[in-house]
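The values are calculated or read from the model by the stated rules, or taken from the named source; none is laboratory data. All values reported here derive from a predicted model rather than from experimental measurement. Note that we place each Cβ from the backbone using ideal geometry, even for glycine, and neighbour counts take in every protein chain shown.
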Amino acid sequence: MGDKFPIFVLIGMATKNLVIVESPAKARTIERFLGNDFLVKSSFGHVMDLSESDIGVDIENGFIPQYKVAKDKKNVVADLKKIASEAETIWLATDEDREGEAISWHLVNALELDEQAVKRIVFHEITKTAITEAISAPRSIDRNLVNAQTARRVLDRLVGYELSPLLWKKVKPALSAGRVQSVAVRLIVEREDEIKNFETTSSYRVTAKFFPEGKEDAVVSAELPKRFQTKEEAKSFLEKCTGAEFRVSAIEKKPAKKSPAPPFTTSTLQQEASRKLGFPVAYTMRIAQQLYESGYITYMRTDSVNLSNMALSMAKETITKNWGADYVKTRKYRTSAKGAQEAHEAIRPTFINNETIESDKPAMKLYELIWKRTIASQMADARLEKTNVTIDISGQQEKFMAKGEVVTFDGFLKVYIEGSDERKDENGNGLMLPPLTNGDQLFSKSIMATQRFTQHPLRYTEASLVKKMEELGIGRPSTYAPTISTIQKREYVKKNDRPALEREYARLTLAGGQISEKTETEKVGGDKGKLIPTDLGTVVNSFLMQYFKDIIDYNFTADVEKEFDRIANGQKVWNEMLENFYGPFHDKIKDTQETSKKFSGEKLLGQDPKTGKNVYVKIGKYGPMVQLGDTSTEEKPRFAGLNKDQSINDITLEDALALFSFPKPLGDYEGKEIIVALGKFGPYVKHNNAFFALEKTDDPSGITRERAIELIEAKREEEKNRIIREFEENKDVRVLRGRYGPYISIGKKNFKIPKGTDPESLTLEDCIKISEDPKNEPKKRRSKKS
DNA sequence: CAGTGAGCGAGCTTCCGCTTGACTT
């Protein structure tokens, strides 16, 4: 068809059938399955939402939501509206869950469709059969389900938009609270409390290495089930072992099996990618999106472990081909997650016979992980033989135990083993045992009593937090990653490292008839990239715990979900449910607003020995700070912000007082005063209106004039080295070495140097010329908003 | 890029869930 008759072509091609789905990638796939009479378009998710600038709900008149076409969906809606007006039949094929039903309903409204004429269809997997079946069984929009979504949406809005302003007033501006994020923060704060309050105790664990008579190379690793509380007890046990006889008194063999983990959901994919590949959850999702859009995997935001029949048979075929029929075990998994809506399949390769794909490295790795997990989920159980050997000690009650484990059939273990969040188990004793018979005498190589300490619960990683959230039923596959970003953006929690501390422990060894004692050191408590609450997070959590415990109750979401289900079933009226919730909630908001004081987490640290004034630490308008003196007195108190590595929790009076000593003069240099001060970006030295940041290892309180001069000179030297070209005629124009390579600086503007140009040989004229080419203009930074 | 914090008040901030780009570094 030529360009001659564009209008004719448009009318002539007007589609009979318009199908609307949520995702454009899905639209492309489905279009292939349907004939020429079908045009498949995407809504790009929700098209309508409440306004952002106000509450957007008519609370007085039955909580009616004031929906508007979302700003970034104006074009989508206009486009769809045009096509819809030309189509004979509209098929709404959004996901089969609460949100999907609402999207369909919003489409009816936004596109001004006839609700009676519209055909609502659903499918859980994207296969030709599933889609043809769906087309043959259309239904109408389920208004109960839509109402359940409305209740969900309005409840979240009311909670978020009434709690947040209360925080602005009582704690600090621009904070936020919500049904999901506030619970996520609570989990992290409470975990940190558990760690802080954890009392470490130690006991002595006894392990031994034996060998059977005449087989000195064979090792039987055994452990005493009992632990000794004191070193004396442990020692006396070892003494009794000196010269004792060891004999096998029982051998118990029992078969065991291990089963594979179910296929990936969003949450388990995030966990495994974190454990095995070290990906943060947002990164995992970005790579997964890339794989999905390239057609390599199914949809990546899902809470379902279900696989389509087509996938099951593809898996079976692949496993048979690679390892034989013995390795096949077709399994149908059921979702156990709270509140799962299962609108999609599990995350799996689109073509399971493709073991690898060609892409960039992270995508290939993630694909491989998905492939292995999917394949393993359809493989046979691993069979093991576990052996427990009891070893008697002559003249003693205690018995050693040796545990052996032998894989008799590897099954799914050939492909994949699920990772774990737990600490590595140090009881690696005896995976393989030499052949033994009852009554065999054993000889000890060594018996060791090692002091072991109880360990505090582990801090959350992004992924283990997602796991916990899923268990509690808070958040959805599409929101896990964004929620984790939000609580970090609000500075409620930070991904931080905690340095490991050295700890001494005792070890008693019995070998060659002698007991020796040694003190060893181990590193403990170190943590990398774990989620740690900030002072702000801790204080906001205390506020919410004090006044809104029911909202951040771990069961709140699960409870309201039950109500939403009843609305979806038509057993409950949606706005009555909201009325019941909102009445008491809003009263509590009003009451707290009026009666509670500022909530700053204020703590009295003590008195300044020089002035006798009180020293406080608390959250201020700009974050954690210390205060010297009282606000009630005539003389204004002094304030100072905490350093980045200090916390309200554990700052000492001494540290607090040191903060008031800034800005501090250090003497003169080149006739100008040097001062050291604490700034927004950390401690710095100021001299002649220039700033010199302190290094990490510098203690701001202990900085001397000499050290300050060193810093000044070092920076001057560095500055000098940055200059590639300078021009006498025009001091404004310079060629500099930057973080990303050489560039031209003119006044305050920077310009790129075109490829292939040697920066060393640029003349002033060259520079001016380059700066005039719009190609080399500095790129405008996108505004932070949106 | 480099001081602020009480209180007064203007005007700003904020939720969860569904989707993909724009934009850099």
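The table that follows gives values for the structure above.
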{"read-out": "Search result, residues across region A:708-726 that are hydrophobic (A, V, I, L, M, F, W, C) and in a helix (DSSP H, G or I)", "value": "A:ALA708, A:ILE709, A:LEU711, A:ILE712, A:ALA714"}
{"read-out": "Unmet requirement for A:ILE417, which otherwise passes all of (1) without any contact (Cβ under 8 Å) to a residue 24 or more places away in the chain; (2) not in a loop (DSSP other than H, G, I, E, B)", "value": "(2)"}
{"read-out": "Answer residue from region A:270-307, given it is among the polar types (S, T, N, Q) and touching a His at 6+ places or on another chain (Cβ under 8 Å) and is surrounded by the most Cβ atoms within 10 Å (Cβ to Cβ) among those", "value": "A:THR302"}
{"read-out": "Count of residues meeting criterion [away from DNA strand B (no atom under 11 Å from the Cβ) and modelled with pLDDT of 80 or more] in region A:732-753", "value": "12"}
{"read-out": "Within region A:272-390, helices (runs of 4 or more DSSP H) holding 2 or more residues that are within 23 Å of the chain's Cα centre (by Cα) and among the polar types (S, T, N, Q)", "value": "A:281-293"}
{"read-out": "Tally, over region A:490-541, of residues that are part of a strand (DSSP E or B) and either more than 16 Å from DNA strand B (Cβ to nearest atom) or touching a His at 6+ places or on another chain (Cβ under 9 Å) (or both)", "value": "34"}
{"read-out": "Residue among A:SER377, A:SER444 that is closer than 28 Å to A:GLN271 by Cβ and of a type in the set (Gly, Ala, Ser)", "value": "A:SER377"}
{"read-out": "Selection from region A:209-239 of residues that are in contact with a Ser or Thr (Cβ under 6 Å, 6 or more places away or on another chain) and surrounded by 13 or more Cβ atoms within 10 Å (Cβ to Cβ)", "value": "A:LYS209, A:PHE210, A:GLU223, A:ARG227"}
{"read-out": "Pairs where the first residue, in region A:133-162, is touching a residue at least 40 places away in the same chain (Cβ under 8 Å) and under 22 Å from A:LEU544 (Cβ atoms) and the second is in a helix (DSSP H, G or I) and of a type in the set (Val, Ile, Thr), C-beta under 6 Å, 6+ apart", "value": "A:GLU162/A:ILE589"}
{"read-out": "Residue match in region A:233-248 (condition: more than 16 Å from DNA strand B (Cβ to nearest atom), acidic (Asp, Glu), more than 17 Å from A:ALA343 (Cβ to Cβ) and without any contact (Cβ under 8 Å) to a residue 40 or more places away in the chain)", "value": "yes"}
{"read-out": "Test result for A:ASN643, within 11 Å of DNA strand B (Cβ to nearest atom) and either over 16 Å from A:THR538 (Cα atoms) or in contact with a strand residue (DSSP E or B) (Cβ under 6 Å, 6 or more places away or on another chain) (or both)", "value": "yes"}
{"read-out": "Within region A:630-692, strands (runs of 3 or more DSSP E) holding 2 or more residues that are touching a Pro at 6+ places or on another chain (Cβ under 7 Å) and surrounded by 16 or more Cβ atoms within 10 Å (Cβ to Cβ)", "value": "A:672-679"}
{"read-out": "Hits in region A:447-480 (condition: more than 14 Å from DNA strand B (Cβ to nearest atom), β-branched (Val, Ile, Thr) and under 11 Å from the mean Cα position of the chain (by Cα))", "value": "A:THR461"}
{"read-out": "So A:LYS41, is it at pLDDT below 95 and either in contact with a Phe, Trp or Tyr (Cβ under 6 Å, 6 or more places away or on another chain) or under 27 Å from A:THR302 (Cα atoms) (or both)", "value": "no"}
{"read-out": "So A:SER478, is it in a strand (DSSP E or B) and either touching a Lys or Arg at 6+ places or on another chain (Cβ under 7 Å) or not aromatic (Phe, Trp, Tyr) (or both)", "value": "no"}
{"read-out": "First in region A:458-486 and modelled with pLDDT of 95 or more, second anywhere and in a loop (DSSP other than H, G, I, E, B) and more than 9 Å from DNA strand B (Cβ to nearest atom), Cβ under 6 Å, 6 or more apart", "value": "A:GLU462/A:PRO280; A:SER464/A:ASP421; A:GLU470/A:ALA337; A:LEU472/A:TYR554; A:GLY473/A:LYS338"}
{"read-out": "Close pairs (6 angstrom Cβ cut-off, 6 or more residues apart or separate chains): under 11 Å from A:GLY62 (Cα atoms) in region A:575-589, surrounded by 17 or more Cβ atoms within 10 Å (Cβ to Cβ) and among the charged types (D, E, K, R) anywhere", "value": "A:MET577/A:GLU563"}
{"read-out": "Selected residue (criterion: farthest from A:PRO700 (Cα to Cα)) from residues of region A:632-683 that are in contact (Cβ under 8 Å) with a residue 24 or more places away in the chain and polar (S, T, N, Q)", "value": "A:ASN649"}
{"read-out": "Near pairs, Cβ below 7 angstrom, 6+ apart or cross-chain, from region A:737-752 (more than 17 Å from A:LYS769 (Cα to Cα) and free of Cβ contacts under 8 Å to residues at least 60 places away in the same chain) to any residue that is surrounded by 10 or more Cβ atoms within 10 Å (Cβ to Cβ) and of a type in the set (Val, Ile, Thr)", "value": "A:ARG737/A:ILE724"}
{"read-out": "Output for region A:514-567, where each listed residue is in contact with a strand residue (DSSP E or B) (Cβ under 7 Å, 6 or more places away or on another chain) and of a type in the set (S, T, N, Q)", "value": "A:SER516, A:THR519, A:THR521, A:THR534"}
{"read-out": "Qualifying residue in region A:523-532 (condition: touching a helix residue (DSSP H, G or I) at 6+ places or on another chain (Cβ under 7 Å), of a type outside the set (D, E, K, R) and over 27 Å from A:SER647 (Cβ atoms))", "value": "no"}
{"read-out": "Selection count, region A:240-264, where residues are surrounded by 15 or more Cβ atoms within 10 Å (Cβ to Cβ), assigned to a strand (DSSP E or B) and aliphatic (A, V, I, L, M)", "value": "2"}
{"read-out": "Top-ranked residue in region A:55-78 [being within 10 Å of DNA strand B (Cβ to nearest atom) and in contact (Cβ under 8 Å) with a residue 60 or more places away in the chain; ranked as surrounded by the most Cβ atoms within 10 Å (Cβ to Cβ)]", "value": "A:VAL57"}
{"read-out": "Leading residue by the ranking (surrounded by the fewest Cβ atoms within 10 Å (Cβ to Cβ)) among those in region A:606-629 that are within 10 Å of DNA strand B (Cβ to nearest atom) and β-branched (Val, Ile, Thr)", "value": "A:ILE619"}
{"read-out": "Counted residues, region A:322-351 - those being of a type outside the set (Ser, Thr, Tyr) and free of Cβ contacts under 8 Å to residues at least 24 places away in the same chain", "value": "3"}
{"read-out": "Scope region A:459-509; condition surrounded by fewer than 15 Cβ atoms within 10 Å (Cβ to Cβ) and aliphatic (A, V, I, L, M); matching residues", "value": "A:ALA500, A:LEU501"}
{"read-out": "Matching residues, region A:28-48, being within 21 Å of A:ARG98 (Cβ to Cβ) and either more than 10 Å from DNA strand B (Cβ to nearest atom) or touching a residue at least 40 places away in the same chain (Cβ under 8 Å) (or both)", "value": "A:SER43, A:GLY45, A:HIS46, A:VAL47, A:MET48"}
